[in-house]
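Since the structure comes first, as structure tokens, the remarks are kept for the end.
The values are calculated or read from the model by the stated rules, or taken from the named source; none is laboratory data. What you are looking at is a predicted structure, and each value in this text was computed from that prediction instead of being measured. Don't worry about glycine lacking a Cβ; one is built from the backbone with ideal geometry, like all the others, and counts go over all protein chains shown. Please note that ligands, DNA and RNA were not included when accessible areas were found on the heavy atoms of the full protein model with its side chains. Shrake-Rupley method; radii C 1.70, N 1.55, O 1.52, S 1.80 Å.
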Amino acid sequence: MNLQIIRAKHGEIGLIQQLAHKIWWAHYPEIIGERQVEYMLERFYSFDALEKQMAEGQVFFFIKTDMMDSGFIAVTAMDKGKYFINKFYVDLDQHNKGVGTATFSALLNELSDVQEIQLQVNRMNYKPINFYFKLGFVIDRVADFDIGDGYFMNDFVMKWKSITNKG
């Protein structure tokens, strides 16, 4: 498998939207229900929302396997050496092929000063939780985030530290 992460440009917001819709509709309805999927896609993946996220510092990367769009990842620099993974989505057709692990490795290479990474994952999203454990993430805390219209993200906040920064 030939995997690359390629920084997304503003003009590629439409492709981010397409990938998000494909991946979310295949994965999330059984976890959060169709109405919340619709709400979250509109709230976080409309053109204006993605444009604002980019302007606020989220850096989006397309995950390409053998030159095919297989997902995307978005990360924000929080502080020197500290990052937050805002989004990490791989097409279900690419699961169990090493794509996620290779993507995380490519991201670490991209973030040369990385010491710590945080992310949030739905507490009922078992497969990704186990994947993050495999990468070395630990659960830092349990949190519920009110995202409006009566919807909540019931998440684990997980943290990864580089081997040289485990102390």
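Just a few scattered comments:
- Filter pass, Tyr39 being open to solvent by less than 30 Å² (accessible area, probe 1.4 Å), over 26 Å from Phe133 (Cβ atoms) and touching a residue at least 24 places away in the same chain (Cβ under 8 Å): no
- Total residues in the range 133-161, condition touching a residue at least 40 places away in the same chain (Cβ under 8 Å) and of a type in the set (Lys, Arg): 2
- For the range 1-27, a residue qualifies if it is in a loop (DSSP other than H, G, I, E, B) and either free of Cβ contacts under 8 Å to residues at least 12 places away in the same chain or out of contact with any strand residue (DSSP E or B) (no Cβ under 9 Å at 6 or more places or on another chain) (or both), and exactly one does: Lys9.
- Residue list for the range 116-159, restricted to those being assigned to a strand (DSSP E or B), under 20 Å from Lys82 (Cα atoms) and touching a helix residue (DSSP H, G or I) at 6+ places or on another chain (Cβ under 6 Å): Val121, Met158
- If you check Val142, Val99 for being modelled with pLDDT of 95 or more and open to solvent by less than 30 Å² (accessible area, probe 1.4 Å), only one passes: Val99.
- Filtered residue count, the range 105-139, keeping only those that are modelled with pLDDT under 95 and either open to solvent by less than 60 Å² (accessible area, probe 1.4 Å) or hydrophobic (A, V, I, L, M, F, W, C) (or both): 2
- Here His10 qualifies as surrounded by fewer than 18 Cβ atoms within 10 Å (Cβ to Cβ) and under 24 Å from Phe104 (Cα atoms).
- Criterion (over 16 Å from the mean Cα position of the chain (by Cα), among the hydroxyl-bearing types (Ser, Thr, Tyr) and over 22 Å from Ile163 (Cβ atoms)) met by exactly one of Ser70, Ser46: Ser46
- Residue in the range 62-76 that is open to solvent by 20 Å² or more (accessible area, probe 1.4 Å), more than 20 Å from Ile147 (Cβ to Cβ), in a strand (DSSP E or B) and touching a residue at least 12 places away in the same chain (Cβ under 8 Å) present: yes
- Residue within the range 85-93 that is open to solvent by 60 Å² or more (accessible area, probe 1.4 Å) and farther than 20 Å from Ala20 by Cβ present: no
- Residue list for the range 4-49, filter: small (Gly, Ala, Ser), touching a Leu at 6+ places or on another chain (Cβ under 9 Å) and under 13 Å from Phe60 (Cα atoms): Ala8, Ala20
- Residues satisfying the criterion are absent from the range 29-39 (criterion: under 14 Å from the mean Cα position of the chain (by Cα) and either among the aromatic types (Phe, Trp, Tyr) or assigned to a helix (DSSP H, G or I) (or both)).
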